[in-house]
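Colleague: Just passing along the structure, written as structure tokens.
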Amino acid sequence: MKMRIRTLLAMQTWLLGIALAGAASAAPLLLDDPRSDFVINGEDLLLNAPGGDAWISVRPRNPVYGLGAVKVTLTGAGGLPVVVSPKQLSFNALNWFWPQKVKVSASALSAIRQKGRIDINGKQVFTGRTLHGEVQVHLENFAKQAYQPTVASLSKHRMPDWYKDAKLGYFVHWTVSSVPAYANPQGMVGFAIDAGALVNNLSKNRFYPELAYGEWYRSNMQDKKGQTWAHHAANFGASFDYYGFVSLFNAQQRTADVDGLARFIKDAGGKYTVFVTQHHDGVSFFKPSVLHSRLPTAQAVSERDVTGDFSRAVKNQGMKSGLYYSGYFDWGYSKKQFVHGDASAAKNLLGAAVEATTDQNFRALVRSHYMDLIDQYDPDLLWNDLAYIGDPAEVQAYFFNRKPDGVVNDRWKSPLRFYDSVFAQPGVSAVYQGVIGGLQAAVNAAGQREPITPTVTTVFSDFTTHEYVDFPEKAYPNTRYFENTRGVGRSFAYTANDVDFLSGDALVHFLVDVVSKNGNLLLNIGPRPDGSIPEEQATPIRELGEWLKVNGGGIYGTRPWREASNVSRQGDKLTYTTDRDGHLYVFVDRADAGEKVLTLPGIQVDVSVPATAAVAMLGRTDGLRWSQVGNDLRLVIPPSASSVGASKLVAIRVRLSRPVWDAYLASPASYWR
């Protein structure tokens, strides 16, 4: 049976390769095409120069023999002129390995940007042989733009109200890993680095503990003593390559109903989405203009432009469209980025960081992909993961100049700074910073041979990102916003053996907790390869949506109160939000039976409005009784008051007295300032 499965997989891959070979004219440009005689240093493609000029740097791919051996000129694609200084480059045996910088004038930038490519033509003086290279570029004239590619300029950006008002977004991890659909259900989630588990693994000649994330299947299977590898070998064969799953995924994704998926998210109360356009396995679910040559195109790019289809469907539903991209890990490109395997995999952490900091093609590839996403799909949010190789200020400025009300998350640091937050502890931080500082200096020194971007320690972001176990216990300072992300179960991508799913009631409580602490919830959906959503995910998500249809007034468009929560005089937990009109929303679990009495400490009602408008339970127009007792508000919830669906949480809206509301607005704790 295993042999039959492997044979069918191989045949599908072979047939797909034949089909794609006929569409070679639409193939993206190979950034590291060995047929090109020249290499453009991708690190310089967007750097701003005085007057709006841009700089690029060029070098021959192979050694040059003889003095004055190669003369080089540059022209834009289709014969467009490229005004450069100097007008001609010269390489010889002494300088061929050192990229030479040329300046492209601002007057030529717009024309080059429209074409997106530059031709490099050369001639070997001694042999007479002609040389040629065609390189994808994204040049930008920042001179008169609102945002410059610097953290100082980006810091002028203010988070738009749409994002603060949204409160609930949906992550969509629809990746190739959903074909094997497996992860160790007892594996780690989030960024809780468990030292004990790490030491235990090392004692068994293994490195990083398996993750419960299905989308990490390609890395998890590197651990030959782990459960993921055992599952892979038993079901697909030890010789079956992960990228053989791509053709199987394409076959099912081809007819998937993305409009239905967008409607499901809309009905579930989502105000925005974040779609995974390329995860760590390096498979692009969009149409990239540039590829590397380390994977066949049929394995590196999905057959369907599902990013385009889904983005359109989301916008048609009136939601904002965000795009995720893995800006550091690309397992199809690099063999150094796996953190699973035997103990020797520990060196991968360092090797991958150095590679990402020094590999020109890799950085140019990531940057080009981001330009593709911005230019082709007009996203409202850029969600980078893990880290970013290069200077993120360039991409962010490019994005904000096109989308001023766009939003970016905070995972844009250099790979060398990936574990900053993990080691930000007394006693450990100083040692860690010293080691990383020395490594950074060494990498920068190595860059004297080939220009690189120094590791980025300070980046701009609109909000901070928290994942699963990494969650704030109390409200943030009023100047900072956060987004918490997690799946309904223990994985982002679909796994058939996922366990421990949250109920609809748990999702409701989780959302209210996040919003009360000045955050958004980015709740994940992991579809099957055909786009369908497993009921273990769909049922609690639907229940959350039903609850929001009644109680959304206390969620959408709100901000935290002066405290995220406290307890009633009777000991019930109370969670708070506020709206622009001076209402306080009080969330409390209703009594399972009988009358419920609550006394809210320090809450004074505006008695100038009708009693039914001053205090009301969302979703009900009668039955709730209230009275002011000194500075406290006494509520009596009748036994007939029911919650929505599976959740016991009810929302009570209180119109605060003007003195109380004005005092809150004037205080440093106010989130409405």
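Colleague: Hey, among F236, F207, which residue is under 23 Å from L350 (Cα atoms), in contact with a helix residue (DSSP H, G or I) (Cβ under 8 Å, 6 or more places away or on another chain), among the aromatic types (F, W, Y) and touching a residue at least 60 places away in the same chain (Cβ under 8 Å)?
Modeller: F207
Colleague: Counting residues that are modelled with pLDDT under 75 and either closer than 17 Å to V39 by Cβ or in contact with a Gly (Cβ under 7 Å, 6 or more places away or on another chain) (or both), which strands (runs of 3 or more DSSP E) fully inside region 62-138 reach at least 1?
Modeller: Of the strands (runs of 3 or more DSSP E) lying wholly inside region 62-138, those with at least 1 residues that are modelled with pLDDT under 75 and either closer than 17 Å to V39 by Cβ or in contact with a Gly (Cβ under 7 Å, 6 or more places away or on another chain) (or both) span 70-76, 100-104, 117-124, 130-136.
Colleague: Residue under question is S247, and the condition is that it be surrounded by fewer than 19 Cβ atoms within 10 Å (Cβ to Cβ), of a type in the set (S, T, N, Q) and out of contact with any strand residue (DSSP E or B) (no Cβ under 9 Å at 6 or more places or on another chain); does it hold?
Modeller: Considered against the rule, which asks whether it is surrounded by fewer than 19 Cβ atoms within 10 Å (Cβ to Cβ), of a type in the set (S, T, N, Q) and out of contact with any strand residue (DSSP E or B) (no Cβ under 9 Å at 6 or more places or on another chain), S247 comes out as no.
Colleague: In addition: Just to be sure, is S284 touching a strand residue (DSSP E or B) at 6+ places or on another chain (Cβ under 9 Å), at pLDDT 95 or above and buried (at least 17 other Cβ atoms within 10 Å of the Cβ)?
Modeller: Here the answer is yes, as S284 does meet what is asked.
Colleague: Can you give me the number of residues within region 256-279 that are of a type outside the set (G, A, S), buried (at least 23 other Cβ atoms within 10 Å of the Cβ) and in a loop (DSSP other than H, G, I, E, B)?
Modeller: 1
Colleague: Could you tell me which numbered condition G190 fails, if it satisfies all but one of (1) buried (at least 22 other Cβ atoms within 10 Å of the Cβ); (2) under 30 Å from A496 (Cα atoms)?
Modeller: (1)
Colleague: In region 651-673, what count of residues is obtained for those that are touching a residue at least 60 places away in the same chain (Cβ under 8 Å), more than 16 Å from P601 (Cα to Cα) and not polar (S, T, N, Q)?
Modeller: Total meeting the criteria: 7.
Colleague: Consider K224 carefully, then state whether it is surrounded by fewer than 20 Cβ atoms within 10 Å (Cβ to Cβ) and modelled with pLDDT under 95.
Modeller: Yes: the conditions hold for K224.
Colleague: Quick check on this structure: which one of T612, T578 is surrounded by 16 or more Cβ atoms within 10 Å (Cβ to Cβ) and polar (S, T, N, Q)?
Modeller: T578
Colleague: Looking for whichever is under 30 Å from P560 (Cα atoms) and modelled with pLDDT under 80 here; the options are T457, T479. Which one fits?
Modeller: Exactly one residue qualifies, and that residue is T479.
The values are calculated or read from the model by the stated rules, or taken from the named source; none is laboratory data. If you're wondering where the values come from, they're calculated on a predicted model, not measured in any experiment. Neighbour counts are summed over all protein chains in view; Cβ atoms, including those assigned to glycine, are modelled from backbone coordinates with ideal geometry.
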